[in-house]
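Here the structure comes first, spelled out in structure tokens, and everything after it is commentary.
The values are calculated or read from the model by the stated rules, or taken from the named source; none is laboratory data. Computed from a predicted model, the values in this text were never measured in an experiment. Note that we place each Cβ from the backbone using ideal geometry, even for glycine, and neighbour counts take in every protein chain shown. Areas reflect the complete protein model, heavy atoms only, side chains present, ligands, DNA and RNA absent. Shrake-Rupley method; radii C 1.70, N 1.55, O 1.52, S 1.80 Å.
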Amino acid sequence: MLRHASACYPRECCGILLGAIAEDDTRTVTTAVPCANAYQGDQSDRFELDPKDQFEAQRLARTQNLEVLGFFHSHPDCDAYFSATDLANSWPWYSNIVISVRQGAYDHARAFRANETQSESHPEELQCPQS
Ligand SMILES: [Zn+2]
């Protein structure tokens, strides 16, 4: 995931998080599937998941018995916050990891989850054993 974020710099990277949800609702991300950024325009602050890659990730989840937990994307030379655009394009329930990449190198990352009405998001704890 972090390699993908650096490789896409100075464009935003994006991808899908696969993993498991424990009975106490702890989410563990075991696989991050890098996707192509399909956004037609300036990709320095926008992303759109390639539908083909999205389909592939769902197939992978099924064959490996994993859940699609959410999505990740990077913010080149920007803080790892959940922007108004991110919120508008998000789905309730799914986790979102935002990775800050500065000068092409990983800086920090945070996880967020939007509420049902997508009016606000809150930080979230995610387990990522091998990010
Ligand atoms: Zn964003």
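Provide the per residue accessible area, probe 1.4 Å, for the chain, rounded to a whole number of square angstrom.
The answer is 56 Å² per residue.
Given H placed 1.01 Å from N in the peptide plane, which residues other than close sequence neighbours of ALA109 have an amide H under 5 Å from its amide H?
Answer set, sorted by chain and number: SER100.
For the chain, with all protein chains present and a 1.4 Å probe, just round the carbon and sulfur fraction of the accessible area to a whole percent.
The value for the chain is 47 percent carbon and sulfur by accessible area.
Using just the helices of the chain, give the 222 nm mean residue ellipticity in deg cm²/dmol: DSSP H runs with n ≥ 4 each add -39,500 (n - 2.57), and the total is spread over all residues, rounded to 500.
So the helix-based figure for the chain works out to -5000 deg cm²/dmol.
Would you calculate the separation in nanometres between label points at ASP107 and ARG62, each defined as 7 Å from the Cα along the Cα-to-beta-carbon direction?
The answer from the label model is 4.0 nm.
Pick out which of SER90, SER74, SER100 has the largest mean-square fluctuation in a Gaussian network model of the chain, springs linking Cα atoms closer than 10 Å.
SER90
Taking square-rooted eigenvalues a ≥ b ≥ c of the alpha carbon gyration tensor, is segment 2-107 rounded, prolate or oblate, where a/c under 1.5 means rounded and, failing that, a/b exceeding b/c means prolate?
Prolate shape, in that a/c is at least 1.5 and a/b is the bigger ratio.
Taking amide H atoms as placed 1.01 Å from N in the peptide plane, list the residues 5 or more away in sequence, or in a different chain, whose amide H sits under 5 Å from that of ARG46.
HN-HN under 5 Å from ARG46: GLU12.
Suppose we keep just the DSSP beta bridges with both residues in the chain; what percent of those would be antiparallel, to 5?
Close to 75 percent.
Could you tell me the relative contact order of segment 2-107? Use alpha-carbon pairs under 8 Å, at least six residues apart, and round to a whole percent.
That works out to 32 percent.
Using only the Cα atoms of segment 49-131, build the gyration tensor, take square roots of its eigenvalues as a ≥ b ≥ c, and label the shape rounded, prolate or oblate: rounded if a/c is under 1.5, else prolate if a/b is larger than b/c, else oblate.
It is oblate, given that a/c is not under 1.5 and a/b is not larger than b/c.
If you stretched the chain out fully between ASP45 and SER119, how much longer would it get, using 0.36 nm times the residue separation minus the C-alpha to C-alpha distance?
24.6 nm
Pop a pseudo-label 7 angstrom from the Cα along the beta-carbon direction at both TYR81 and ASP24 and give the gap in nm to one decimal.
Using points 7 Å along Cα→Cβ, the separation is 3.2 nm.
Can you list the HN-Hα couplings for segment 96-110, worked out from phi with the Karplus curve (6.51, -1.76, 1.60; θ = phi - 60°), rounded to whole Hz and with x for Gly and Pro?
9, 9, 10, 10, 8, 10, 10, 6, x, 10, 4, 10, 7, 9, 9
Where Lys and Arg each count +1 and Asp and Glu each count -1, what net charge lies around SER6 among other residues with Cβ under 13 Å from its Cβ?
0
What is the set of long-range amide H partners of ILE16 at a cut-off below 5 Å, with H atoms built 1.01 Å from backbone N?
Those qualifying (amide H under 5 Å, at least 5 residues apart or on another chain) are VAL33, CYS35, PHE72.
Mind jotting down the distance between the C-alpha centroids of segment 1-61 and segment 95-131, whole Å?
After rounding, the separation between the Cα centres reads 12 Å.
How many nm separate the modelled label positions at TRP91 and LYS52, each set 7 Å beyond the Cα in the direction of the Cβ?
2.1 nm
Across segment 77-83, in residue order, what do the Karplus-derived ³J(HN,Hα) couplings come to in whole Hz, using 6.51 cos²θ - 1.76 cosθ + 1.60 with θ = phi - 60° and x for Gly and Pro?
6, 8, 5, 8, 10, 9, 6
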